[in-house]
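Chemist: I am attaching a structure below and will ask some questions about it afterwards.
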Amino acid sequence: MFMKFTVRTTQHFLNVIKHSFSVQAEQPILVNGNKISKDVLSKVKDRILSIRERVNIREPKLAIILVGNAADSISYVSVKQRACKRVGVQSELIHLPETATQKEVIQIVEDLNKREDVDSILTQLPFPAQISKTIVINQIEPSKDVDGLQRCFLTKQLIWDDHNNRALPCTPQSCLHILDTHQIDVKGKQVVMLGKGLLVGSPLGAILLGRGAIVSMCDKKSDLSIALKDADILVSATGVRKLVKGEQLKKGVIVIDVGCSRPLPHEDQSSIVGDVELESVILKASLITPVPGGVGPVTVSMLIQNVVNQWERNNSALIQQAQLEATDETNKQKQEKAQKNQQLNYDLKQIDQIKENTCEEDLGDQQQEKLNKIIQNSKKNILIQ
């Protein structure tokens, strides 16, 4: 038996074939880090304005310590200061020469710890070789450690609760916010954390464990063909350009690329690349963060959010007092309104009683005067309402 192909049936089969190809070629979600960052900063700005409208307090303030003149560090500091200005956070830059000693940097940190007008302290990394980032960071007052990098916080807990009052490291916080924004639940997922560094890998791995993920920690020396093949989520923070290839990953993997590498001499010098080879990984991923424009902008917004959180905690007594006063004022106004309503009801009842018991032409002068007075007072109360 032969099927008769008409124009209609032919078009139907073409549509089926076209649909099957479109499903196979479904595009992954390309994370728009700039938009996410803009949304976070907008909410932070509104929060600052809301608090300062109710409480007479200064603006939040971030102090940044920069040692040396590395072009990347200067650029990053500039981006952070612009973001501060955009939302109403003051920033103060302490720029030291490349030859600054560790003792000099520690002294600046100690001075900033004592200043009541500084809510947060940020050390722009990397430091020159003569300065230990661990020693300097551990000198920061915990309540002012805006980047959450103090070693004591990392070593006290194998599983890090990311819902406490300590600032989370900004880059791990950025990765978490991207996952949360796209409603990705990590519980029970196979997560490969590629890179074990202090700034990203170690804290983020601990936080993901706390959220119920099954976390495998590895580095650039690991056998990636084995380490990556079952990953539901890959977070890569090695700084090795295009280390991860598409053929190493399974279909549908979620990829958070934290890496950032400058172009090689023969490449376009205006572009930077991440840890993953975007052109091959994008064929496997269901969601991927591009470089640039992915994790980076969100990290800056997390930094500013941390500053405002610390500012709010530092001024919690004043903010709570203002809230109590506002509540008292609201209750007072409600009480006064209730009293006025009670008086109004009483006056209206008196008017009705006089009208019921006395004809208007029979009213004496005193009764008429009393009635007029009650009506006048009632009118005032009505106007007040």
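The values are calculated or read from the model by the stated rules, or taken from the named source; none is laboratory data. Fair warning: this is a prediction, and the values are worked out from it, not measured in the lab. Heads up, the Cβs are rebuilt from the backbone with ideal geometry, glycines too, and the neighbour counts pull from every protein chain shown.
Chemist: Among the residues of region 81-96, is there at least one that is assigned to a loop (DSSP other than H, G, I, E, B) and either out of contact with any Cys (no Cβ under 8 Å at 6 or more places or on another chain) or without any contact (Cβ under 8 Å) to a residue 40 or more places away in the chain (or both)?
Modeler: Looking for residues that are assigned to a loop (DSSP other than H, G, I, E, B) and either out of contact with any Cys (no Cβ under 8 Å at 6 or more places or on another chain) or without any contact (Cβ under 8 Å) to a residue 40 or more places away in the chain (or both), one finds at least one in region 81-96, hence yes.
Chemist: Scan region 221-245 for residues that are farther than 23 Å from SER271 by Cα and in a loop (DSSP other than H, G, I, E, B) and report the count.
Modeler: Total meeting the criteria: 8.
Chemist: Can you tell me which residue in region 217-236 is farthest from the chain's Cα centre (by Cα), limited to those that are among the small types (Gly, Ala, Ser) and at pLDDT 95 or above?
Modeler: Of everything passing the filter in region 217-236, ALA231 is farthest from the chain's Cα centre (by Cα).
To keep it simple, each residue is scored yes or no on (1) within 26 Å of ASN314 (Cβ to Cβ); (2) at pLDDT below 95; (3) basic (Lys, Arg).
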{"site": "GLN81", "(1), (2), (3)": "yes, no, no"}
{"site": "GLY88", "(1), (2), (3)": "yes, no, no"}
{"site": "HIS95", "(1), (2), (3)": "yes, no, no"}
{"site": "LYS103", "(1), (2), (3)": "no, no, yes"}
{"site": "ASP111", "(1), (2), (3)": "yes, no, no"}
{"site": "ARG115", "(1), (2), (3)": "yes, no, yes"}
{"site": "ASP119", "(1), (2), (3)": "yes, no, no"}
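Chemist: Of all residues in region 228-245 being buried (at least 18 other Cβ atoms within 10 Å of the Cβ) and small (Gly, Ala, Ser), which is nearest to LEU199 (Cα to Cα)?
Modeler: Restricting to residues being buried (at least 18 other Cβ atoms within 10 Å of the Cβ) and small (Gly, Ala, Ser), the top hit is ALA237.
Chemist: Search region 112-125 for residues being farther than 13 Å from ILE64 by Cα and either touching a strand residue (DSSP E or B) at 6+ places or on another chain (Cβ under 9 Å) or acidic (Asp, Glu) (or both), and hand back the single one that is surrounded by the fewest Cβ atoms within 10 Å (Cβ to Cβ).
Modeler: Ranking the qualifying residues of region 112-125, first place goes to GLU116.
Chemist: Please determine whether any residue of region 194-212 is in contact with an Asp or Glu (Cβ under 9 Å, 6 or more places away or on another chain), surrounded by fewer than 18 Cβ atoms within 10 Å (Cβ to Cβ), in a loop (DSSP other than H, G, I, E, B) and at pLDDT 90 or above.
Modeler: Taking every residue of region 194-212 in turn, at least one turns out to be in contact with an Asp or Glu (Cβ under 9 Å, 6 or more places away or on another chain), surrounded by fewer than 18 Cβ atoms within 10 Å (Cβ to Cβ), in a loop (DSSP other than H, G, I, E, B) and at pLDDT 90 or above.
Chemist: Please verify whether region 307-314 includes one or more residues that are farther than 22 Å from LEU243 by Cα, at pLDDT below 95 and more than 23 Å from the chain's Cα centre (by Cα).
Modeler: No, because not a single residue in region 307-314 is farther than 22 Å from LEU243 by Cα, at pLDDT below 95 and more than 23 Å from the chain's Cα centre (by Cα).
Chemist: Ok, one more. Take the residues in region 28-54 that are among the aliphatic types (A, V, I, L, M) and surrounded by 16 or more Cβ atoms within 10 Å (Cβ to Cβ); name whichever of them is farthest from THR171 (Cα to Cα).
Modeler: Per the criteria, the residue is ILE51.
Chemist: Still on this structure: ILE57 is checked against (1) crowded, with 20+ Cβ neighbours inside 10 Å; (2) over 27 Å from SER261 (Cβ atoms); (3) not charged (D, E, K, R) and fails just one. What number does that condition carry?
Modeler: With respect to (1) crowded, with 20+ Cβ neighbours inside 10 Å; (2) over 27 Å from SER261 (Cβ atoms); (3) not charged (D, E, K, R), ILE57 is out only on (1).
Chemist: Does any residue in region 32-58 that is outside the structural domain of ILE178 (by TED's automatic domain parsing) and outside any helix (DSSP H, G or I) come within less than 7 Å, Cβ to Cβ, of a residue that is surrounded by 14 or more Cβ atoms within 10 Å (Cβ to Cβ) and of a type outside the set (Phe, Trp, Tyr) six or more places away or on a different chain, and which pairs are these?
Modeler: Short answer, once both residue conditions are applied: none.
Chemist: So VAL191 fits all but one of (1) in a helix (DSSP H, G or I); (2) buried (at least 22 other Cβ atoms within 10 Å of the Cβ); (3) in contact (Cβ under 8 Å) with a residue 40 or more places away in the chain; what number is the exception?
Modeler: (1)
Chemist: Let me ask you something else. Scan region 246-292 residue by residue and report those that are in a loop (DSSP other than H, G, I, E, B), modelled with pLDDT of 90 or more and farther than 24 Å from PRO172 by Cα.
Modeler: LYS251, LEU283
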